[in-house]
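Report on the structure given below.
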Amino acid sequence: MFKSSRIRELWPLAVILALVVGGSALLRARAAGEQGQALRELARPGDIVMLSSATCIFCTRAREWLTEQRVPFRECFIESDAACRAEFQARSGPGTPTFVVRGQTVVGFDPARLHLSLSR
């Protein structure tokens, strides 16, 4: 009896929690879409180069986001491309992903910073 009444008491809380989590996910998706659109409007093929590592999970996330948002970019892997590795070393990249945006170095994936670099 106690267990059943306790569940009935917590049920409204579970519904509220589900609504908050779902609403938060929708807001994040909308913001990502807006950021993607802003980048698509500014970026032209060749403007964004992502210097990546094959084992970098942050590179994978950046690649997936840029691809989903249809932002034009080129990716090269520092382990398998000597020119890419040289570019990464020349820019003193502390880690991957390192982006080259119209000649500017942007370390790490942040759509807002990519947008700022494209706006300059």
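The values are calculated or read from the model by the stated rules, or taken from the named source; none is laboratory data. Please read these numbers as outputs of a predicted model, since none were measured by experiment. Using ideal geometry, Cβ is built from the backbone for each residue, glycine included, and neighbour counts are taken over all protein chains shown.
Do we find a residue being surrounded by 10 or more Cβ atoms within 10 Å (Cβ to Cβ), at pLDDT below 90, hydroxyl-bearing (S, T, Y) and out of contact with any strand residue (DSSP E or B) (no Cβ under 7 Å at 6 or more places or on another chain) anywhere in the range 67-74? Show your work before the answer.
The first filter runs over the range 67-74 and keeps only residues surrounded by 10 or more Cβ atoms within 10 Å (Cβ to Cβ), leaving 67-74.
Now drop any that are not at pLDDT below 90, which leaves none.
For the range 67-74, residues surrounded by 10 or more Cβ atoms within 10 Å (Cβ to Cβ), at pLDDT below 90, hydroxyl-bearing (S, T, Y) and out of contact with any strand residue (DSSP E or B) (no Cβ under 7 Å at 6 or more places or on another chain): absent.
Can you tell me which condition A86 does not meet? The list is (1) at pLDDT 90 or above; (2) within 22 Å of H115 (Cα to Cα), and all the others hold.
Only one criterion is unmet by A86, namely (2).
Determine whether the range 41-57 contains at least one residue that is modelled with pLDDT under 95, part of a helix (DSSP H, G or I) and not β-branched (V, I, T).
yes
Regarding S80, is this residue surrounded by fewer than 14 Cβ atoms within 10 Å (Cβ to Cβ) and modelled with pLDDT under 95?
Values: surrounded by fewer than 14 Cβ atoms within 10 Å (Cβ to Cβ): yes; modelled with pLDDT under 95: no.
For S80, the condition - surrounded by fewer than 14 Cβ atoms within 10 Å (Cβ to Cβ) and modelled with pLDDT under 95 - is not met.
Conditions tested, residue by residue: (1) touching a residue at least 24 places away in the same chain (Cβ under 8 Å); (2) over 11 Å from F109 (Cβ atoms); (3) basic (K, R).
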| residue | (1), (2), (3) |
| --- | --- |
| A43 | yes, yes, no |
| V49 | yes, yes, no |
| S53 | yes, yes, no |
| T60 | no, no, no |
| R70 | yes, yes, yes |
| R74 | yes, yes, yes |
| A83 | no, yes, no |
| T96 | yes, no, no |
